[in-house]
């Protein structure tokens, strides 16, 4: 393997608190960027993707560990990197040419030389003739091309890209991805490596030679693998879809672990969920589930999840919890990235509001152990009231404190909607629903 341009050794990021505790954003992480490869970094919201990018570029100092530039600490080196941002980040009062010249001017390059280099780079990215225009006169795709030109004009060894296509429409983003690959493979761009942060799984598989997927709470590398597919890549071939499905599973099944069970951030060993029995409830609201099913009805009962997210201008992180919740309740199934409605989901999507609540209630009692246990505990008490702490302590054996709170919040939201129980927030107690339901007494015997 080539010598690393950038190497991170045991880097981590945390924020101290007034108490002895601290907020851990990135756990100790090793990572290298070598010449000749495009690296894609994927991860759910809150996994620290942008934080890791800033540490690798030298913009942010790690709380511990070290980032090296050609073997020397990056803080003591003149690293040669550029960043393309999601929001274009152009100076609106400068022309296109002046925006591209700006980093050269900051480096003290003579006016004639910086104009020559800027014009050459504008021609490379297809903006010849627009040098006198201002950003407000350009489309989103053209503004991002200016961002590419400005980043590349300094001839960086490593080009960092932070969600560079997410603010663009689908067609423009696809064109720019193709143009980026053309520049890279034709060696037209003066850079040795590209590091791209993205939330788009297909984008990562289309572009990258290597993909890193982060987990969260705190951020850590769950998988790091090479993509052995030749360019140009075809989305429809089996090898492509298998990679997409693999990454999807890594992102959506954070509880799946290597054979040796890891420890949580507070040091306790994670228990096998087959033994504990508690599912990790996706954090989605019933209204979102109903909305997703209505959209699937409009698509004939089946849709590609990634395409659906693009059509709605959603991040994949936004739609995946809703898909997972609908699947958990038996309203849809997911196969190879496609969401397909079940008979129960179709009935739910077409039903009136009260019937939707009945269907949701039946599914929740049958499928979700936590909700079933809450209802039974209430029924077993003479005062029809159970403290939240009772379930908090059980969940806390399986989940971190933060995730335990999120699980309870989701359970309360679902239970209230389905009229399974009421919740008194001032007393932090679950209480009997104002209208009890017969099906609760005959639900399954688990738990």
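Of the residues 418, 351, which is more than 28 Å from residue 218 (Cβ to Cβ) and without any contact (Cβ under 8 Å) to a residue 24 or more places away in the chain?
Working: 418 fails: without any contact (Cβ under 8 Å) to a residue 24 or more places away in the chain.
Answer to the check: 351.
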Please name all residue pairs, on different chains or six or more residues apart, with Cβ atoms under 8 Å, provided the first residue is in segment 9-20 and is farther than 28 Å from residue 72 by Cα and the second residue is surrounded by 10 or more Cβ atoms within 10 Å (Cβ to Cβ) and at pLDDT 70 or above. 17/23
Taking the options 317, 324, name whichever one is in contact (Cβ under 8 Å) with a residue 60 or more places away in the chain and surrounded by fewer than 18 Cβ atoms within 10 Å (Cβ to Cβ). 317
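Conditions (1) in a helix (DSSP H, G or I); (2) farther than 28 Å from residue 42 by Cβ; (3) outside the structural domain of residue 21 (by TED's automatic domain parsing), marked per residue:
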residue	(1), (2), (3)
309	yes, no, yes
314	no, no, yes
324	yes, no, yes
339	no, no, yes
349	yes, yes, yes
354	yes, yes, yes
373	yes, yes, yes
392	yes, yes, yes
408	yes, yes, yes
Can you tell me how many residues in segment 185-201 are surrounded by fewer than 18 Cβ atoms within 10 Å (Cβ to Cβ) and either at positive phi or within 26 Å of the chain's Cα centre (by Cα) (or both)? 1
On the given criteria, is residue 5 more than 21 Å from residue 215 (Cβ to Cβ), buried (at least 19 other Cβ atoms within 10 Å of the Cβ) and at pLDDT 90 or above? yes
Can you spot a residue in segment 233-249 that is crowded, with 21+ Cβ neighbours inside 10 Å and outside any helix (DSSP H, G or I)? no
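Which residue, of 62, 44, 28, is without any contact (Cβ under 8 Å) to a residue 60 or more places away in the chain, touching a helix residue (DSSP H, G or I) at 6+ places or on another chain (Cβ under 7 Å) and within 17 Å of residue 220 (Cβ to Cβ)?
Numbers: 44 fails: without any contact (Cβ under 8 Å) to a residue 60 or more places away in the chain; 28 fails: touching a helix residue (DSSP H, G or I) at 6+ places or on another chain (Cβ under 7 Å).
Exactly one of 62, 44, 28 is without any contact (Cβ under 8 Å) to a residue 60 or more places away in the chain, touching a helix residue (DSSP H, G or I) at 6+ places or on another chain (Cβ under 7 Å) and within 17 Å of residue 220 (Cβ to Cβ), namely 62.
Which one of these is buried (at least 16 other Cβ atoms within 10 Å of the Cβ) and at positive phi: 345, 330? Before you say what the answer is, go through the steps one by one.
Details: 345 fails: at positive phi.
Just one listed residue meets the conditions, 330.
Conditions tested, residue by residue: (1) closer than 30 Å to residue 27 by Cβ; (2) surrounded by fewer than 17 Cβ atoms within 10 Å (Cβ to Cβ); (3) touching a strand residue (DSSP E or B) at 6+ places or on another chain (Cβ under 6 Å).
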| position | (1), (2), (3) |
| --- | --- |
| 79 | yes, no, yes |
| 111 | no, yes, no |
| 124 | no, no, no |
| 140 | no, yes, no |
| 146 | no, no, no |
| 164 | yes, no, yes |
Evaluate the following for residue 308: is it free of Cβ contacts under 8 Å to residues at least 60 places away in the same chain and under 19 Å from the mean Cα position of the chain (by Cα)? yes
Which condition number does residue 206 fail, the rest of (1) closer than 27 Å to residue 26 by Cβ; (2) touching a residue at least 60 places away in the same chain (Cβ under 8 Å) being met? (2)
Wholly enclosed strands (runs of 3 or more DSSP E) of segment 16-123 bearing at least 1 residues within 27 Å of residue 243 (Cα to Cα): 22-33, 37-42, 81-84
If residue 223 meets every condition in (1) touching a residue at least 60 places away in the same chain (Cβ under 8 Å); (2) within 15 Å of the chain's Cα centre (by Cα); (3) outside any loop (DSSP other than H, G, I, E, B) apart from one, which number is that one? (1)
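What residue, of 344, 303, is assigned to a strand (DSSP E or B) and either without any contact (Cβ under 8 Å) to a residue 60 or more places away in the chain or closer than 20 Å to residue 283 by Cβ (or both)?
On the way: 344 fails: assigned to a strand (DSSP E or B).
303 is the lone residue from the list that is assigned to a strand (DSSP E or B) and either without any contact (Cβ under 8 Å) to a residue 60 or more places away in the chain or closer than 20 Å to residue 283 by Cβ (or both).
The values are calculated or read from the model by the stated rules, or taken from the named source; none is laboratory data. A quick note: this is a predicted structure, and the numbers were derived from the prediction, not measured. Neighbour counts run over all protein chains shown; Cβ positions are idealised from the backbone, glycine included.
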